[in-house]
Amino acid sequence: MTWEVATKQDIGLDLSLWKDAFSLIVDVFQDERTGIYMPRNFLPGYVGLTSTPSANVGAVRSKGIDGSVKIQRNFNSVNVTLRGNLTYSKNEIMERDEQQSVYAYQMQKGYRVNQTTGLVALGLFKDYEEIRNSPTQTFGAYQPGDIKYKDVNGDGIINNDDIVAIGSTSTPNLIYGMAASASWKGLDLGLRFQGAGSSSFFIYGKTVYAFSEGEWGNILKGMVENRWISADISGDPATENPNAPYPRLSYNGNSNNYRGSTYWLRDGAYLRLKNVDIGYTLPKVMLNKIHMSSVRLYCIGTNILTWAPFDLWDPETADPRGKLILYPGQ
Amino acid sequence: MKKITSISIFIVVVTLFISCKKYLDNDQFFKDRLTLEKSFNNEVYIEEWLANSYSYLTGINADVGSKGFQPFNFGDDMYYGDRDGAYDPQNANSLDYNKFSLGNYKEGDVQSWIPCYQGIRSASIFIQNIDQSTAISADKKADYKAQARFVRAYYYWLLLRKYGPVPILPDNGIDYTESYADLALPRNSYDQCAEYIGREMVLAAKNLPQNRGQLDVARPTKGAALATRAKVFLYAASPLMNGGKISMDYKTKLVDDKGNPLLSIVYDEQKWARAAAAAKDVMQLGVYSLFVSPSKSSGTITHPATIAPPYNAEFSDKPWPEGWANIDPFDSYRALFDGEVPASSNPELIFTRGQNQSSEGINVMVVHQLPRIASGWNTHGLTLKQCDAYYMSDGSNVPGKDIQYGRGDGSQRVGGFVTDDDVKNGKYKPLASGVSLQFANREPRFYASVGYNGSVWHLTNESQVNNREKQVFYYRGSGNGYTNTMFWLRTGIGVMKYVNPMDTYENGSIAKVVPKYEPAIRYADILLAYAESLNEINGSFSIPSWDSSTVYSISKNIGEMRKGIRPIRIRAGLPDYSEATYGNVTQLRAAIKRERQIELLGEQERYYDLRRWEDAATELALPIYGYNTLMTASQRDLFHQPVAAFALQSTFAPKMYFWPIAIDELRRDSRLTQNPGWQTYK
C-alpha cells in the first residue's frame, strides 16, 4: 500500500502587452494519477478473501487548457475592460477496479470519469408490427408508444448488455465566463456572462415520469400536448408520433420507458447573462456639500438571460428530478 | 512547597507512563490491529487461526449431510421429497429432487467454490507463517502445520470431486493487489490436481499422529491424510478421468484455456496400481479395523438378540474377523451410524467432522426420515433399485430383483405377508406381522438401512410410552402414506440408516435425535477401493509406499482382493464372493460396485461413484421405481407391485458429470473454463 502518485505537466504562457492593455495567461496541462486507492470488488473466488481489501490500482489521465484574457482600453474618456476565462479539460480512465466484460464499451476504462451511460433510444414504437420486427426488450411489458431501444451488441435482445456510453459526463468539461465593464464619467456598466458545456444529465423522477412514485394530478404541460397518444383515444393518427418528446402515459411506473437512455438524456450546456450592473456615482462636488464621501446609485440584475438547449428548468442546477427547491433561476 | 509540587508532578508523570502502557496494550480487544507476526506469536491466536482454516469444512463442505447443502447424498439410491416448488410455491427456488436429478440446476447453485478457497487461503497463510513462531513447541508446530496442510489439500479434494479439475494456487498465495489479468489462473488437469493432493497429503502424514484423543476426534490423523490420498488416486484411476470410452466426447470438451484436455484421454493402468498402493498404505498403518458389535443371546426390543445368518460352513463357526460366530452383524452396521458408538471408540472412522455439523447435519436428515407418527418430515426415501440391491441373508439375490429394468434373473417377486402365527413361531425375524415376504430373510444391512413398509420404529425418546414402538405402513390413508402434501414417501420405502432406536421428533425437538458422528471417510471405503483397484490390474507394478520405506509389488491377486472384500462381507453376515466371481473381472467389478452401493448408502459416495465409473449414463437415466403408493391397506397386494414412481424423475446428460462453476467466477477469471454443457461468461 502506497500513496497515490500524481505526475503533473504544465506549459504556461503569461503575456502582457501594450502597457497591460492586453494580457493573456494560458496553461496547457496534463495530469496523470496512478495508484489510486480503491476497493477490489471483483477478485476471483480462489483468492479466498473473506473481506474486500483495497489496493493501489486506479489510474486517470486528464488533459486540458486553462486560460484567461483581459483587454483594457481607453476611448477618450470611456474606460472599457473586457475579460474572459475558459477551462476545458478531458480525462480518461486508464485503469480502475472493474469487472471484466466482453463488451469493451461497458468498461469504464478508456472513458471519462463520470461518463453517463445508458441505452440508445430509437424513438417510440409505432405499432405492434414494429414491435414484432424488433429485438426483444427485456425490461418489462411494452406496447406501441413505448421507447424502442437499439440492440448495440446485435444479439437480438435488449438488456443491460446494450448499455453504452452516451452523451458526455455529468460534470461539465468546459466552463467559461466573460465580463465587460465600461465607465464614463460617473456612469458605469458591468456585464457578466457564465457558461458551461460538454456535460449531460438524465432527467427522471415524478416530474417527467407522469403518475409515478405515487404522484397524481398535475403533469407537465409539454406532456399533455406532445406525448404519444393512441389514435383510438385521440381519433387522430398524427398523435401517434414516434418522435414525440414523451412516451405514452402509464400509471405507476413503466419499467421499459423509465430507465436511463438517450430519450431522457439532456445536454447540460448553457450560457447565461449572470449579472448586469448599471450604476451612477454622484460627483464629488455635490457630495462634499452634504459631507459624504461617495454615493453610488445602481441597479443590478441577476440571471437576465439564459441560452440553453434544455428548457424545463434551470440547467445550471443540473438537477435530474427538477425538484431542487431553489428560487427559479437562482 | 516547591518540593511537594515536584514530587506530585513526578508521581503524576510516572502514573501516566505506567497506566498508558497498560491502557494502550489493547490488542486482545481489537483483532483488526493484529499483524501476522503477532498472530503467530501467541498460542491462542495460532489455535484460533488453525480452527478458522478448518471452519469452512462444515456446512456446504460437509461430506455427509441433508439435501440443503448435500444433495449429492441423494441419487438413484435415496431421494428427498420436500423443498419442492410443485407442492409449495414458497419453495419455488429450492433445488428439489427432480431439478437435481434432471440437471435442472444452474451455475452457482449449491456453491462451495468460494468457501473451499477461503479455507485454502487461511491454511496457506498458516503454513507460511507458523515456522517463524516461537510461541509453541517444535512438536506442536509440526503437528499444526501438518494439520493445515491436510485441510488445505482436503479442500482441493472437495473441489476436485465436485467441480472436476480446479486451479491450484501457488504455494506463496495470491497477491490481491495485482491486476485482474495477472491474477487470472487456468484450471490444472485432473492428474495435476490428484498428484498435488497426493503429495501434500504425504507431507501432512509425516507429521500427523497415528491416533488422537477423544477431544480431537475431528482433527486429522496420519490415516486421514493417507485415506484422502487413496480416494483421490482411486478417482484419478477411474474411467471418467482415465481414458474411459463412454465419456470420451465429454473428455475432449473439458479443456483449459489453451484447449488442453483436463481429463486423461489415454488409459493408464498404472493409475489403478497407484490407487491400490495408496489404499494399502492405509491398511499397512495397522490402526484401523471394521467396527463390530458382539453377538447377544438375549436382548431388548431395541437391541434384540442376534439373528444369526444362515449357517455357512466357512464363516458361521469362526470368530471375527475370520467369521461371524461372535458378532451381531445387524447391530455392527446400525451402531456405526446411529450415534451409538462415539467417534473416539470407532476403529473404522478414519476421518470425521464429529458432530460439527450445520443446520443440514445428519440429525436433520434423520428428522426427514422419521415417519409422520414421530412428527418427522417423512420425505427421505429409498428407491426400489436400492431396496433390491441388498442381498438375501444367504448371499443370493432377492427374487424379482430389477425385473422392471429387464435385468431380472427370471425369478418373480415374493407374494404373501407375515402372519401373527409366523411372528409367534419366530419366523422371518425381524419382520413384524403384516409385512410383505419380499422383505423376509434379507441381509442384516437391509434391516439397518431400509425403512420397508411395515418396519418398526422404536422412537423411545417419545415422552408417552404408547407413542413408542410403532409399526409404520406407507399405505395411502394410513397417516404415513400418500397424502396431498409434500410429506409422503414417493416410493413407499423409507430410510432407516442413521436412525437410532431413541430418535423421534416429538414437538419438533431436534434434541430428541441422538447426535451422529459424520462418517466422512470409513475404513470400509478404503478396503473396497483396494479391491476395486486390484481388480482392474493386468500387469505387475512396483509402487513405493507413501513414506518410501518399502516398495509394494502390485498385481492382481485374489488373496489380496479378499483382504478388501471379505471383512465387509463377514461384518454384514454374508458369505464372501465365490471363486468364480473373483476370477472374472466384469463380475467382480459389478459385485464391488453393488457392495459400495449397499455399504456406503447415504455417505455421499454413490453420486460420485456413478460418475467416475461412467455408469451415470445408464444408471441415472433409468426411471425410478417404487411401490404403488396410491394403494390402501386393503389393496396391499397391489401396493407391493412395483410401479414407476410418478413423482420422481430422472435422466442423465454428460453435462452432469461435474457441477457447473458460477458465472461470476468465470467472469472474474478470464482463464477459467466452464465444465462442458454449462453456460460460460459469453
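See the values below:
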| quantity | calculated |
| --- | --- |
| Shielding by partners, peptide A:122-133 (average Cβ within 10 angstrom, other chains) | 0 |
| GNM result for chain A, Cα springs below 10 Å: residue of A:Leu43, A:Leu174, A:Leu24 fluctuating most strongly | A:Leu43 |
| Directionally averaged projected area (convex hull, Cα atoms, chain A), nm² | 27.7 |
| Residue (of B:Val472, B:Gln70, A:Gly58) at the positive-pole extreme of the protein assembly as shown, dipole from beta-carbon charges | A:Gly58 |
| Karplus (6.51, -1.76, 1.60) ³J(HN,Hα), θ = phi - 60°, over the range A:257-263, in Hz, Gly and Pro reported as x | 7, 8, 8, x, 8, 4, 4 |
| Backbone HN-Hα couplings from phi across the range B:530-542 [Karplus 6.51/-1.76/1.60, Hz, Gly and Pro as x] | 4, 5, 4, 5, 4, 4, 8, 8, 9, x, 10, 10, 9 |
| Per residue, in Å², the accessible surface of the range B:541-682 once ligands and nucleic acids are set aside, probe 1.4 Å | 37 |
| Cα centroid separation - the range A:1-45 against the range B:604-624, whole Å | 65 |
| Structure-based [θ]222 nm, chain B - -39500 (n - 2.57) summed over DSSP H runs of at least 4, per residue, nearest 500 | -11000 deg cm²/dmol |
| Global size of the range B:60-172 as Cα Rg and Dmax, reported in angstrom | 18.8, 60 |
| Compactness of the range B:391-510 as Cα Rg over 2.2 N^0.38 Å, two decimals | 1.16 |
| Lysine pairs within the range B:78-225, Cα separation less than 27 Å, 8 or more sequence positions apart or different chains | 11 |
| Whether the protein assembly as shown is rounded, prolate or oblate, judged on the alpha carbon gyration tensor where a/c under 1.5 counts as rounded | prolate |
| For the range B:360-409 and the range A:119-141, distance of Cα centres in Å | 55 |
| Inter-centroid distance (Cα atoms) of the range B:235-295 relative to the range B:432-495, Å | 38 |
| Relative contact order, percent, chain B [alpha-carbon distance under 8 Å, six or more residues apart] | 18 |
| Percent antiparallel among DSSP beta bridges (both partners in the protein assembly as shown, rounded to 5) | 95 |
| Rg/Rh ratio calculated on Cα atoms of chain B (Kirkwood radius) | 1.02 |
| Residue-averaged beta-carbon neighbours from other chains (10 angstrom radius) around A:61-72 | 0 |
| Distant-in-sequence amide H partners of B:Arg353 (H built 1.01 Å from N, under 5 Å) | B:Glu518, B:Ala520 |
| Gaussian network model of chain A, springs between alpha carbon atoms under 10 Å - residue of A:Ile163, A:Ile25, A:Ile203 with greatest fluctuation | A:Ile25 |
| Extreme residue, positive dipole direction of the range A:26-174, given options A:Tyr142, A:Phe75, A:Gln115 (C-beta unit charges) | A:Phe75 |
| Proximal lysines relative to B:Lys296, as straight alpha-carbon distance under 20 Å, when same-chain residues fewer than 8 apart are discounted | B:Lys318, B:Lys427, B:Lys429 |
| The range B:555-682: Lys pairs at Cα distance under 27 angstrom, eight or more positions apart or on different chains | 4 |
| Mean residue ellipticity (222 nm) of chain A, computed from DSSP H runs ≥ 4 via -39,500 (n - 2.57), nearest 500 | -1500 deg cm²/dmol |
| Charge dipole (chain A, unit charges on Cβ, about Cα centre) - positive-most of A:Asn288, A:Thr262, A:Tyr204 | A:Asn288 |
| Distant-in-sequence amide H partners of B:Arg83 (H built 1.01 Å from N, under 5 Å) | none |
| Size of electric dipole in chain B: Cβ of Lys, Arg +1 and of Asp, Glu -1, about Cα centre, debye, nearest 20 | 700 |
| Dipole moment magnitude, nearest 20 debye, the range A:68-112 about Cα centre, only Lys, Arg, Asp, Glu C-beta charged | 440 |
| Protein accessible surface hidden between A and B, which excludes ligands and nucleic acids, total in Å², probe 1.4 Å | 2100 |
| Residue mean of other protein chain beta carbons inside 10 Å, B:171-184 | 4 |
| Per-residue ³J(HN,Hα) for the range A:40-45, Karplus 6.51 cos²θ - 1.76 cosθ + 1.60, θ = phi - 60°, Hz, x for Gly and Pro | 9, 8, 10, 6, x, x |
| Within the protein assembly as shown: Cβ-based charge dipole about Cα centre, in debye rounded to nearest 20 (Lys, Arg +1; Asp, Glu -1) | 2000 |
| Surface share of carbon and sulfur [accessible, 1.4 angstrom probe, percent] for chain A | 56 |
| Accessible surface of the range B:427-533, 1.4 Å probe, proportion on carbon and sulfur as whole % | 49 |
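The values are calculated or read from the model by the stated rules, or taken from the named source; none is laboratory data. Keep in mind that this is a model prediction, so the values were computed, not measured. When we count neighbours, we look across all protein chains shown, and the Cβ atoms used for this are built from the backbone with ideal geometry, even at glycine. Just so you know, the surface numbers come from the protein's heavy atoms only, side chains and all, with ligands and any DNA or RNA stripped out. Shrake-Rupley method; radii C 1.70, N 1.55, O 1.52, S 1.80 Å.
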